[in-house]
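Asks: Before I ask anything, here is the structure I am working with.
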Amino acid sequence: MKILRNSASQLVKTMLVFGFTSAMGVAPLFAQVTNSTLAQLAAGQTLSIDDKTFSGFSYTPSGLTSFDPSAIIVSVSQDASGIDYLTWKGNISYAGSGVLGSADLLLNYIVTANAGTINIIDQAYTGSALHGLLAIDETAAIGAFGGTVVGYSHLQISDLSDPPAETNDVLNIVPPESVLYVTKDIAFGATSPNGGFITISQVTQSFHQVPEPGAMLLGSLGGGLLLLLRLRRQAGRD
């Protein structure tokens with residue numbers, strides 16, 4: 001009977017591990033970190049971490065003085081609390097002359113959550129603007145790029161990270177979705193007749209998720225079974 005009890009206990013522990021990690025999207029111990037270049041991703045490669053797949057990468061630069069997609073490293077990672085991240089690293093800059101000098105970069109990608117739905121996409125940027133302006137508009141749509149917008153955010157050089165949400169920053173995905181088409185529109189502008197220098201070296205996204213009802217049920221079931229086993233074990237000792 002002791003062997004059977006230990007086997008049952010191990011089964012419950014296994015259910016808890018997979019119920020609260022894989023099914024609910026919380027970080028399992030063997031979570032992977034993957035990276036590639038923006039050029040390779042635009043050619044069809046995908047990235048994956050935890051339950052999420054990132055695909056459909058594309059870029060459209062206009063007027064940039066420094067932008068090499070083969071030197072932009074895109075990676076996925078996960079922090080200790082189980083939050084998934086997508087990060088671009090590399091030199092994206094504009095050195096322009098004249099007050100009206102400007103440049104622009106569009107970045108597109110698709111994020112698919114296989115265990116639950118995404119309800120928030122937070123973003124952060126590392127950048128600077130000398131005699132210039134930097135603004136980032138982001139939309140999350142369903143159906144296709146340019147489809148029905150379910151989330152929108154506007155950031156500028158004085159506000160390069162969210163949260164907290166501020167005026168015109170809508171970070172919630174309403175309703176939560178399992179597949180999102182995300183577009184970043186990064187605008188660079190010189191504000192001095194002598195020219196300006198605007199640069200971004202890192203762009204980061206974090207994804208916050210609502211677990212599926214089935215995952216919550218599995219976790220609750222595992223917790224209930226574990227409690228039952230403990231009660232039976234205590235009764236046997238008494």
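Asks: Could you pull out the residue among 58, 22, 9 that is at pLDDT below 95, surrounded by 13 or more Cβ atoms within 10 Å (Cβ to Cβ), outside any loop (DSSP other than H, G, I, E, B) and out of contact with any Gly (no Cβ under 9 Å at 6 or more places or on another chain)?
Replies: None of the others qualify; the one that does is 9.
Asks: Would you confirm whether any residue within segment 95-112 is modelled with pLDDT under 85 and either touching a helix residue (DSSP H, G or I) at 6+ places or on another chain (Cβ under 6 Å) or part of a strand (DSSP E or B) (or both)?
Replies: Yes, that holds for at least one residue.
Asks: So is residue 94 surrounded by 17 or more Cβ atoms within 10 Å (Cβ to Cβ), closer than 16 Å to residue 60 by Cβ and in contact with a Phe, Trp or Tyr (Cβ under 8 Å, 6 or more places away or on another chain) or not?
Replies: Spelling it out, residue 94 is indeed surrounded by 17 or more Cβ atoms within 10 Å (Cβ to Cβ), closer than 16 Å to residue 60 by Cβ and in contact with a Phe, Trp or Tyr (Cβ under 8 Å, 6 or more places away or on another chain).
Asks: Please go through segment 150-205 and give me each residue that is modelled with pLDDT of 80 or more, over 15 Å from residue 135 (Cα atoms) and small (Gly, Ala, Ser), ordered by number.
Replies: 151, 178, 192, 195
The rows are residues; the columns are (1) at positive phi; (2) β-branched (Val, Ile, Thr); (3) outside any strand (DSSP E or B).
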residue	(1), (2), (3)
54	no, no, no
70	no, no, yes
75	no, no, no
86	no, no, no
91	no, no, no
120	no, yes, no
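Asks: A follow-up question, please. With (1) within 16 Å of the chain's Cα centre (by Cα); (2) more than 21 Å from residue 176 (Cβ to Cβ); (3) at pLDDT below 90 as the list, and residue 123 as the residue in question, which single condition is left unmet?
Replies: Unmet condition: (2).
The values are calculated or read from the model by the stated rules, or taken from the named source; none is laboratory data. Keep in mind the model is a prediction, meaning the values are calculated, not measured. Cβ atoms come from the backbone with ideal geometry, glycine included; neighbour counts cover every protein chain shown.
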